[in-house]
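Enquirer: Quick one: the structure is below, questions incoming.
No value in this document is a laboratory result; all are computed from the given coordinates. Because the structure is a prediction, the values reported are computed rather than measured. Here the Cβ positions follow ideal geometry from the backbone for every residue, glycine too, while neighbour counts run over all protein chains shown.
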Amino acid sequence: MLEKILTDKFRKLLKTVLLDIKNQQDLRDEEEFAKDEARIKEKLLDTVESYSANIVLDEDFLIAAVDGSGTENFGMLDDIRIHLLSTATVILDTNTQKGPPFSIMSGAALGAELGEQPSLDMHWHSGVRHDAKNKMADSLTYIYPIKDPTEYVTQFFRDDLGPQIKSFSDLDSTDFARHKSKLEHMNSLISRAGYLTNPVVHDELRTVSEYAAIRNVLTSKFKPKFILIDGAMSVFVHHVLKYPSMPSGFMLREICALAREKEVILCAVSKNHTIPFAHRIAKMAEEIFGAEAKWFCLLPSKNHPNGGLHIYSDRTYLPPKLAVPYLFSFSRDNRPSRIDFDRIWWLKNIFVRGDPAATRANEKKLFRDLEFMSRDARWYGYPVALALAHVACKLSYEDLGLAREVYRDVLRATNHDPRRAAPLREDYNL
Amino acid sequence: MMVFNKDNLGELFGKVGVGNQTNLEIMGSNRDISVGEIFMITSERDGHERVFFFRVLGLQNYLRQVDDMSRVAGTLMVEGDAYLSGIERNMLLDVQGRMLGYAEYTGGKWVFRSPRRLPDHLASVYRPVAGTSDADVRMMLESQTSGEMYVGDLQVGETTLDVPVMIPSKFLPMHVGIFGSTGSGKSNLMMVLIKSLIDTNIAASTNPDGDILRISAFCIDPHDEFAKGVDKYGIHHIVEAMGPTLRSEVLGNFYYLTTHLRATPRDVKKYAKEIRIKWDEIQPRDLYSITEFTPQMNAFIDSMYAVEHENWIAKILELDEEPEGMSTPKGTMRAVQRRLRFLKRSPIFIEDGTSILDDIYEAMETGRILVVNTSLMSDTEQFLLTTVVTRTLSDMRRAVKSSGNLGDFEKQGYMRLPTPFFGRVKKMARSFYGRGGISDSAEVKDPRSLPVIQITVEEAPSILNPELMKGRSVFKDISRQGRKFNIGLVVVSQQVSVLDNVILSQMNTEINLRMGNEREIRACIDNASVNISGFENEFRVMSRGEALLTASYRELPLPVKIPLFDDIFERDRGKYRSKRSSKKSEKHIL
């Protein structure tokens, strides 16, 4: 393969693709961006007014972060596949009064309330028809603290349709009445059963594990001001059913509601995102505020008084349903990141109808805190709590290697043939 | 089965990272560690509980979760508002060092072994704490530190543990090397050693039924500082601190030898004698051991000796012309005379008068210590004195060794030793060597049951160099066969590299003090009886009074802090008054 890759022909192929992208995509997008440029510059983009380095906050606060990791391919037993999942929660204290800033809550204090950190879990399913779905439903029920779906599915409809949906039975008066029976069981909440590939199963398990961990923090004695989660607040809505195609979509709304109730700011941060023209927005920010400025930019939805942006009008999941995304940059060395908030919370706490200046002031306050928690020298510009959670849950290549060795040991100890665990093609060194 | 309490090992410092049975890397907490510290690693593998000993040779800061420390430092620098959240937990010390070996409890006692195993994965590492770890370390290292002759205390980094480091007296006849540059603490060490010899002899004399062998020592004191001390106290203060009975038992009626009695301080004079060696007690070999002669001169001296026996020196010096019948080239006689003329000028080598050799012999055979002030002697005189004493003592013991009974011994003695000397001491010798009586038929003792005799060779390179050792040096025999006769050399030198290989290879204990330069450090490491390669940095940071004790009969190179003589004398002075010895556990003190 290498001799093919290291050829001019391969380079030419890449150049053609780039040209193709430019011709088909950029040209049209460029026109769209031009339409948004002035609005972004004047209305949506702003600087972060940061705290000084030695600030002593009137009230120090806690920041929690949850991250998960794992592999769908941890081990096999013939056609049975074992997933490995790890989830980690960390809590930091801004600690400006006592110093040093951003102290980490000890594992013992955390463990006593939230269980051992990080936590490891496993899930398995076979290649038998429906097994993946049934097992997944079992695992999700096991992982998520609320076992009866009717207790959490309602929240999605309440957030989507309005406060008149108070209980599950209120769905009777809506178009969703005919799907009610499907909404009562975990199994039937998994409506994307046709696409249940291993990565899809794994992602859902991981997401729900993270949501369960967030829920644990929310119901714990800790009262963090922020809970951060890695990723976006995207909910994939079934295009026919018009509600989330996976249970995690419903759960997200439930934890958002709980967070609102507990006055916790829940946000999802993603380093990798697909916001078009992020680099152009960053360049624009640099031009206006200078290269060293820390900035944020609202990405409004079409429900915004001034409507959505043209650059993502064709992109289905931007902004995600019931979420408000921003683009931000707290460090000149990194590409801008994205942060999502719960739209219902945002409307109540940030957005002030008819008063853009008040809205902006709220946003600036919010980002001032977020920027303050993103100054760790190891991950400058990225929220340190999230970085620490990521480090805590990360399963490295070496970790997995060892874990697999342990698995083979256990197989031998329990009189299983360890070869049953090996991927079939390993026999042929492929 | 746990035979020790982990809490007593010291503070938990870290975990073993990577390494092999020689070099290890430890991840430890961010503490103020210094090169030279010793850590203990507990390990349990296949039911074997072991404590490994590890010596720090290098240190490095390590920030957990940071792959690129420079980048983080750069960010802290550039972004003035950056912090490091919870970093105290992640600040670790990456400690590299040498595995020294491990202690294992088997058969009801602790044994120590060379590092031929590895501690368990991620084994816990303890840092010894003075006052906490002493007892356990003492117990585990007993085989490595026990003995009769106290040298100092086990050093761990910049502090010491209450773990006395001793040399077993049975290994003294296998020679001890003391190496250190000027100012490294050799004089203080010699005084500490003399004190522990005295303490051992007190223990032996107050426990006559014990199995403690008395040790004799002929200690050359080139700067006349042992008796009165360098600072406050000296050996003389020990002598004065003793009650008369103990003093006479342990030291006899003198301990100080000097060239000029009149120049001796009054209080010391009571226990002093003048050094006088008669010409007839000198043998040609003695001279061959200290200076080079041409083959013609050797031949001349040998033929004169064959004819004149012990009068050879007087006869040679009397000659006006070459004796007839000698086929030596012209001028040889004059050359030899020139070489011997120093004996005529010397106040200590005398043609007629009373010799001190008898007294020295008696002292050495009765387990006594002699401090020999050579500060007013020339180098040649000092070397010749050392040689005559060494040769006389070894020839006496050789005569014992090659005899079955005292009758044989007398014959052997007359054969080997100058007649006048032997004639004077033979009666005394019979009482020393005879087993159950002094009759001719009485069996002789095994020399190994006689007191260990230690002879210091100061400025050793002058006589223990390869040129002299090539010839008929007295020291060549002693270095090879001393152990048969229970006679050992204490070789004191500022340099190791210039010493003869015969003596170096026969040396079984080395006390390596601070060395002057890289060549000598290298030589010390090469010569050490245990592998101490990699300890170069240690030598470079050694301070006065710190030593690395290596011995062929031990696996562990022992870092030792030699206490100041004044301190241990002050601590122990009260004990010299009491006639009976103290408890056994304190045998290193008394």
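Enquirer: What is the ratio of the Cα radius of gyration of segment B:218-311 to 2.2 N^0.38 Å, with N the residue count, to two decimals?
Expert: Details: Rg = 19.1 Å, N = 94, 2.2 N^0.38 = 12.4 Å.
So the Cα radius of gyration is 1.54 times the expected 2.2 N^0.38 Å.
Enquirer: Please compute the Cα-Cα pair-distance distribution of segment B:96-155 with 10 Å bins starting at 0, giving whole percents from short to long.
Expert: Over segment B:96-155, the share of Cα pairs per 10 Å bin runs 17, 48, 32, 3 percent.
Enquirer: I would also like to ask the following. Could you give me the radius of gyration and the Dmax of the protein assembly as shown, taking only the C-alpha atoms into account and expressing both in angstrom?
Expert: Here Rg and the maximum Cα pair distance are 44.4, 147 Å.
Enquirer: Take every DSSP beta bridge with both residues inside the protein assembly as shown and express the antiparallel ones as a percent of the total, to the nearest 5.
Expert: Counting DSSP beta bridges with both partners in the protein assembly as shown, the antiparallel share is about 70 percent.
Enquirer: Please compute the Kirkwood hydrodynamic radius of segment A:276-430 from all pairs of different C-alpha atoms, in Å with one decimal. Kindly include the intermediate steps, with their values, before the conclusion.
Expert: On the way: mean 1/r = 0.0516 Å⁻¹.
Averaging 1/r across every pair of different Cα atoms and inverting gives 19.4 Å.
Enquirer: Separate question: Over segment B:1-86, with a single point scatterer placed on each C-alpha, what log10 of the ratio I(q)/I(0) does the Debye formula yield at q = 0.17, 0.19, 0.23 1/Å?
Expert: Relative scattering, expressed as log10 I(q)/I(0), comes to -0.86, -0.98, -1.23.
Enquirer: Nearest 0.05, what FRET efficiency do A:MET76 and B:ARG89 give at R0 = 51 Å with Cβ-Cβ as r?
Expert: Calculated transfer efficiency: 0.85.
Enquirer: I want the antiparallel fraction of DSSP beta bridges within chain B, as a percent rounded to 5.
Expert: Of all bridge pairs located within chain B, approximately 70 percent are antiparallel.
Enquirer: Taking the convex hull of the alpha carbon atoms in segment B:110-195, what volume per residue do you get, in Å³?
Expert: Output value, Cα hull per residue: 154 Å³.
Enquirer: Another question about this same structure. Efficiency by 1/(1 + (r/R0)^6): what FRET value for B:SER375 and A:ALA53, r their Cβ-Cβ distance, R0 = 60 Å, to the nearest 0.05? Spell out each step's value before the answer.
Expert: Numbers: r = 69 Å, r/R0 = 1.14.
According to the calculation, E is roughly 0.30.
Enquirer: Which order results if A:TYR317, A:TYR326 are arranged by neighbouring Cβ count within 10 Å, fewest first?
Expert: Working: A:TYR317 14, A:TYR326 24.
The most exposed by this proxy come first: A:TYR317, A:TYR326.
Enquirer: Calculate the length of the line joining the C-alpha centroid of segment A:267-289 to that of segment B:27-78, in whole Å.
Expert: Here the two parts' Cα centres lie 42 Å apart.
Enquirer: Please list, in order, the residues from segment B:109-147 whose amide nitrogen is less than 13 Å from a point placed 7 Å along the Cα→Cβ vector of B:ASN5.
Expert: B:132-136
Enquirer: If each of A:GLU405 and B:GLU321 carries a label point 7 Å out from its Cα toward its Cβ, how far apart are those two points in nm?
Expert: 9.5
Enquirer: Using amide H atoms built in the peptide plane, which far-off residues or other-chain residues are under 5 Å from B:GLY177 H to H?
Expert: B:VAL491, B:THR509, B:GLU510, B:ILE511
Enquirer: So how long is each side of segment B:272-393 along the principal axes, counting just the alpha-carbon atoms, biggest first, in Å?
Expert: Result, largest extent first: 47, 25, 25 Å.
Enquirer: Working from Cα positions, state the angle (0 to 90°, nearest 10) between the long axis of helix B:419-433 and the longest principal axis of chain B.
Expert: In chain B, helix B:419-433 runs at an angle near 50 degrees to the longest axis.
Enquirer: Among the listed pairs B:LYS401/B:LYS427; B:LYS315/B:LYS411; B:LYS344/B:LYS470; A:LYS225/A:LYS321; A:LYS43/A:LYS294, which are separated by more than 21 Å between their Cα atoms?
Expert: B:LYS315/B:LYS411; B:LYS344/B:LYS470; A:LYS225/A:LYS321
Enquirer: Please compute the contact order of chain A in relative form: average sequence separation of alpha-carbon pairs under 8 Å and at least six residues apart, divided by the residue count, as a percent.
Expert: 20
Enquirer: Given 37 °C and 0.692 mPa s, compute D for segment A:1-116 with the Stokes-Einstein relation, Rh being the Kirkwood radius over Cα pairs; round to the nearest whole µm²/s.
Expert: The estimated diffusion coefficient comes to 155 µm²/s.
Enquirer: Right, something else. Add -39500 (n - 2.57) for each DSSP H run of 4 or more in chain A, then divide by its residues: what number comes out at 222 nm, to the nearest 500 deg cm²/dmol?
Expert: -12000 deg cm²/dmol
Enquirer: Okay, moving on. What is the gain in length, in nm to one decimal, between B:SER143 and B:THR354 on full extension, counting 0.36 nm per residue of separation less the C-alpha to C-alpha distance?
Expert: 71.2 nm
Enquirer: Once R0 is set to 60 Å, what does the formula 1/(1 + (r/R0)^6) return for the Cβ-Cβ distance between B:ASP567 and A:ALA361, expressed as a FRET efficiency to the nearest 0.05?
Expert: Working: r = 74 Å, r/R0 = 1.23.
The formula returns an efficiency of 0.25 here.
Enquirer: Output ³J(HN,Hα) for segment A:176-192: one whole-Hz value per residue in order, computed from phi by the Karplus curve 6.51 cos²θ - 1.76 cosθ + 1.60 with θ = phi - 60°, and x for Gly and Pro.
Expert: Coupling constants for segment A:176-192: 7, 3, 6, 9, 3, 4, 5, 7, 8, 10, 3, 4, 7, 6, 7, 9, 9 Hz.
Enquirer: Can you give me the distance in nm between label points at A:ALA413 and B:GLN21, each placed 7 Å from the Cα along the Cα-to-Cβ direction?
Expert: Modelled inter-label distance: 2.8 nm.
Enquirer: In nm, to one decimal, how far is the modelled label at B:THR132 from the one at B:ASP68, with both set 7 Å along Cα→Cβ?
Expert: Going by the 7 Å Cα→Cβ label model, 4.0 nm.
Enquirer: Could I ask something else about it? Can you compute the label reach from A:LYS35? Point 7 Å from Cα along the Cβ direction, backbone N cut-off under 18 Å, restricted to segment A:284-310.
Expert: Output list for this probe position: A:299-310.
Enquirer: Further question: Determine by what factor the alpha-carbon radius of gyration of chain A differs from 2.2 N^0.38 Å, reporting the quotient.
Expert: Rg over 2.2 N^0.38 Å, computed on Cα atoms: 1.07.
Enquirer: Under 5 Å between amide H atoms, partner at least 5 residues away or on a different chain: which partners does A:SER245 have, H built in plane at 1.01 Å?
Expert: Answer set, sorted by chain and number: A:PHE236, A:VAL237, A:HIS238.
Enquirer: I'd like the Kirkwood hydrodynamic radius of chain B, using the inverse of the mean 1/r over distinct C-alpha pairs, in Å. Write down the numbers at each step before the final one.
Expert: Numbers: mean 1/r = 0.0379 Å⁻¹.
It works out to 26.4 Å.
Enquirer: Give me the net charge for the shell around A:VAL324: Cβ to Cβ below 9 angstrom, other residues only, Lys and Arg +1, Asp and Glu -1. Mind dumping the intermediate values first?
Expert: Working: positive: A:ARG343; negative: A:ASP340, A:ASP342.
Spelling it out: positives minus negatives among the neighbours equals -1.
Enquirer: Still on this structure, I have one more. Compute the normalised compactness of segment B:439-513: alpha-carbon radius of gyration over 2.2 N^0.38 Å, N being the residue count. Could the numbers behind the result be given before it?
Expert: Values: Rg = 14.5 Å, N = 75, 2.2 N^0.38 = 11.3 Å.
Rg over 2.2 N^0.38 Å, computed on Cα atoms: 1.28.
Enquirer: Size of segment B:280-347 along its principal axes in angstrom, Cα-based, largest extent first?
Expert: 32, 22, 20
Enquirer: Specify the angular offset, from 0 to 90 degrees and rounded to the nearest 10, of the alpha carbon long axis of helix B:295-308 from the longest principal axis of the alpha carbons in chain B.
Expert: So the helix axis and the longest Cα principal axis differ by about 50 degrees.
Enquirer: Defining a contact as two alpha carbons under 8 Å apart and six or more residues distant in sequence, what relative contact order in percent does chain B show?
Expert: Reported relative contact order: 19 percent.
Enquirer: Which whole-number percent gives the relative contact order of segment B:6-140, counting Cα pairs below 8 Å spaced six or more residues apart?
Expert: It rounds to 39 percent for segment B:6-140.
Enquirer: Tell me the Rg and the Dmax, in Å, that the Cα atoms of segment B:377-479 produce.
Expert: Rg, Dmax (Cα atoms, Å): 15.3, 45.
Enquirer: Same structure again: Name the residues whose placed amide hydrogens come within less than 5 Å of the amide hydrogen of A:LEU196, ignoring near sequence neighbours (fewer than 5 apart) on the same chain.
Expert: It is none; the list stays empty.
Enquirer: Here's a follow-up. Projected area of segment A:202-351, taken from the Cα convex hull and averaged over every viewing direction, in nm²?
Expert: 10.1
Enquirer: Something else about it: Among B:GLU365, A:GLU113, A:GLU42, which comes first, then next, by fewest other beta-carbon atoms within 10 Å?
Expert: Ascending Cβ contact count within 10 Å gives the list A:GLU42, A:GLU113, B:GLU365.
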